[in-house]
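Enquirer: Mind having a look at this structure? Questions to follow.
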Amino acid sequence: MEKAFLSARSQAETLLKAVDFDRYDRVVFLSKSVGTAVAASYAHDHHIQAEHVYYTPVKASFQFMKTFEEQKGIVFHGTKDPWVETSDVVKGCRERNLPLYITEDGNHSLETGDVLRDIGNLQEIMERTLEFLCEI
């Protein structure tokens, strides 16, 4: 996990090096899995006031996430995600006042194995994402 994070973080540094974030009125990072730790740490280290949509964060992501008041964000998590315990995600979100949307029986891809249920869940996830983006 640490190797994946360090590799992805290094790639983010390279790919985003030429971006002048100060030119933008608003920056939003949409991230998934280990990418949630990369996005949160990158924003922190570069002092970027970005909003975040965190899809299935790993436990390490929470060490970089700021409170909702400092940096708006929302979190999506599945209760059967083998990469992180639901209790850790609930605790991390509560401590940071981040809205958490839980997909019951969802795995790390927020899939339950029931295609029709997954399509309905995906619709709800995208609606909540859109709602958040419209609010900020």
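Enquirer: From the phi of every residue in the stretch 57-67, what ³J(HN,Hα) in whole Hz does the Karplus formula 6.51 cos²θ - 1.76 cosθ + 1.60 yield, where θ is phi - 60° and glycine or proline is x?
Expert: Per-residue couplings from phi come out as x, 8, 4, 4, 4, 5, 5, 9, 5, 9, 6 Hz.
Enquirer: Per DSSP helix of 4 or more residues, -39500 (n - 2.57); summed, then divided by the residues of the chain. What does that give at 222 nm, rounded to the nearest 500?
Expert: Calculated mean residue ellipticity at 222 nm is -14000 deg cm²/dmol.
Enquirer: Next question. Just flag the trypsin sites (Lys or Arg not before Pro) in the stretch 10-48 sitting in loop per DSSP whose Cβ has no more than 11 other Cβ atoms within 10 Å.
Expert: LYS17, ARG26
Enquirer: Would you please state the base-10 log of I(q)/I(0) at q = 0.11, 0.14 1/Å for the chain, with intensities from the Debye formula using one equal scatterer on every alpha carbon?
Expert: -0.39, -0.63
Enquirer: Considering amide H positions built from the backbone, and no H for Pro or chain starts, which residues 5 or more places from TYR101, or on another chain, come under 5 Å of its amide H?
Expert: The answer is VAL75, PHE76, HIS77.
Readers should treat all values here as calculations from the given coordinates under stated rules, not as data from a laboratory. A quick note: this is a predicted structure, and the numbers were derived from the prediction, not measured. Neighbour counts run over all protein chains shown; Cβ positions are idealised from the backbone, glycine included.
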